[in-house]
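The values are calculated or read from the model by the stated rules, or taken from the named source; none is laboratory data. The model shown is predicted, which means the values in this text are computed figures rather than measured ones. Methodologically, a virtual Cβ is constructed for each residue, glycine included, from the backbone with ideal geometry; neighbour enumeration extends over all protein chains shown.
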Amino acid sequence: MAFAVSALSAPGAGPGLSLGAGAGLWRPLIEALAARGAIEARFTERRYFSFRREPTVLKGVIRVSDDRGVSLGYTDPEVTTVIVDSAGLIVRDRKGRDREMAAGSKEAGAVVSLLPILRFDADTLDSLFDTQVSMEGSGWKLEFTPRDPRAARTLGSITVWGTLTEVARIEFRRSASQRIEIEVGETRTGVVFSAAELSRYFRRPAPR
């Protein structure tokens, strides 16, 4: 999908993103990313900890649905599905058993704030995050810092890199020695999930 790349070509850090009157030149990028619809993409995740020299590496498939939330289907080294939606957080094991945490709970509250980022939800981003934008040619970087102190402590800063409407990498950084990097691979957009896929990879039943 095309958008006004010429209007988004200034390199370096842009102003804080405001989705109201101050949206300026950055809103076309957010809208173009959101317009991709439901997506399915392979990913490689690297988790860095201060007590380990090498990162823990996980692989899987991420699925994003406008109405069902985000699903991280890990396939390696273990089969686990992590579901984030408006109702909270679910960890589903390979046998289909769910461990649920409500959106308002200490464990899930901050994580649920990731939804507008992964959906590129322009209606709620401005209320939850301070955002900086950097552009160079058709490449871009969006850096989100939660405004809520609890979310900031849990998530740290979240940075998304991409080119045009393709997301290439996502990083969650709590400190210099503790971060998660997600490399996004082959991506399908405008996906229509089957009833079986919705049941397998998202909340059962769907959140209201």
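In table form, for the structure just shown:
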{"read-out": "Condition broken by V192, with the remaining ones in (1) of a type in the set (A, V, I, L, M, F, W, C); (2) out of contact with any helix residue (DSSP H, G or I) (no Cβ under 8 Å at 6 or more places or on another chain); (3) within 22 Å of D66 (Cα to Cα); (4) surrounded by 15 or more Cβ atoms within 10 Å (Cβ to Cβ) satisfied", "value": "(4)"}
{"read-out": "Condition met for V111 (farther than 24 Å from L29 by Cβ and either modelled with pLDDT of 90 or more or buried (at least 18 other Cβ atoms within 10 Å of the Cβ) (or both))", "value": "yes"}
{"read-out": "Residue check, I30 of a type in the set (A, V, I, L, M), surrounded by 14 or more Cβ atoms within 10 Å (Cβ to Cβ) and closer than 28 Å to S105 by Cβ", "value": "no"}
{"read-out": "Count - residues of segment 142-161 that are farther than 12 Å from S113 by Cβ and of a type in the set (F, W, Y)", "value": "1"}
{"read-out": "Conditions (1) within 27 Å of P149 (Cα to Cα); (2) modelled with pLDDT of 95 or more; number of the one not met by T80", "value": "(1)"}
{"read-out": "Helices (runs of 4 or more DSSP H) within segment 97-181 that include 1 or more residues in contact with a strand residue (DSSP E or B) (Cβ under 6 Å, 6 or more places away or on another chain)", "value": "109-112, 115-119, 149-155"}
{"read-out": "For D126: the one exception among (1) of a type in the set (D, E); (2) surrounded by fewer than 18 Cβ atoms within 10 Å (Cβ to Cβ); (3) over 13 Å from the mean Cα position of the chain (by Cα)", "value": "(2)"}
{"read-out": "Flag for T124 being among the polar types (S, T, N, Q) and either modelled with pLDDT of 90 or more or under 22 Å from A206 (Cβ atoms) (or both)", "value": "yes"}
{"read-out": "Residue match in segment 44-60 (condition: among the hydrophobic types (A, V, I, L, M, F, W, C), assigned to a loop (DSSP other than H, G, I, E, B) and surrounded by fewer than 20 Cβ atoms within 10 Å (Cβ to Cβ))", "value": "yes"}
